[in-house]
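This report concerns only the one structure given below.
The values are calculated or read from the model by the stated rules, or taken from the named source; none is laboratory data. This one's a predicted model, so the numbers in the text were calculated from it and none came from an experiment. Cβ atoms come from the backbone with ideal geometry, glycine included; neighbour counts cover every protein chain shown. What goes into the accessible areas is simple: the full protein's heavy atoms, side chains included, and nothing from ligands, DNA or RNA. Shrake-Rupley method; radii C 1.70, N 1.55, O 1.52, S 1.80 Å.
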Amino acid sequence: MTTPILTTMQQQGVYQIAKTHFEKFTVPFTLELVFQPAQTSADKIAALTADILPQIQTYLDWLDQTFSPFLPDSELSRFNRGELTLAETSDGFWTVWQLAETALKDTHGLFNAWYTGFYDPIGRGKLAFKILTSPIRYSRTSPYSQAQ
C-alpha cells in the first residue's frame, strides 16, 4: 500500500476537510474527504482514510498492471507483443481500446493511441485514467452504446 505523504485537516465553512497526499507512478495524488464536524470525530476520519486508501491503491495497481508500457507483464505489453488478442483482453482494456478508436475518429487523428506504432493509450494525455474514472461506461457489444 502507498504510505501517505501528508494528511492535513482544515475547517471550511461548516465542513471539515481531510486531505491525504500520496504518490504513485511518481505522480502526486490527493484524497480529499469532506465531513460535517458535528457528525465526525478525528478518529472516524482517520479510520475512513485508512479504509479508502488501500482501495485506491488497488485500483491504481490495476491500472499499472493493465496499461503500463514499462511493465513487461502488463496487459498492454503482452498485447503489443501479440501474446493477447483484443478478444482476450480484460473489459477495462477493451473499453479503453474502443474509446481510443472513437477519439481517433472524433479528433480526425489528433488523438492517436497508435502514434508510436504500438498501442499506447497512456502515452497521450493519460486517456485510460480519465476514461476509467469517468461516469460513462461502454458496452462490450457496442462501442458507442452508453451503459448506465
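Considering the conditions (1) modelled with pLDDT under 90; (2) assigned to a helix (DSSP H, G or I), residue 87 is excluded by exactly one of them, (1). Being more than 27 Å from residue 91 (Cα to Cα) and either surrounded by fewer than 16 Cβ atoms within 10 Å (Cβ to Cβ) or touching a Phe, Trp or Tyr at 6+ places or on another chain (Cβ under 6 Å) (or both) is a condition met by no residue of region 59-73. With respect to (1) in contact with a Phe, Trp or Tyr (Cβ under 9 Å, 6 or more places away or on another chain); (2) at pLDDT 80 or above; (3) closer than 19 Å to residue 80 by Cβ; (4) open to solvent by less than 40 Å² (accessible area, probe 1.4 Å), the lone exception for residue 102 is condition (3).
State all residues of region 23-55 that are open to solvent by less than 50 Å² (accessible area, probe 1.4 Å), over 25 Å from residue 113 (Cβ atoms) and either of a type in the set (A, V, I, L, M) or not in a helix (DSSP H, G or I) (or both); if no residue qualifies, say none.
If the condition is that a residue be open to solvent by less than 50 Å² (accessible area, probe 1.4 Å), over 25 Å from residue 113 (Cβ atoms) and either of a type in the set (A, V, I, L, M) or not in a helix (DSSP H, G or I) (or both), then 31, 33, 35, 40, 45, 52, 53 are the ones that fit.
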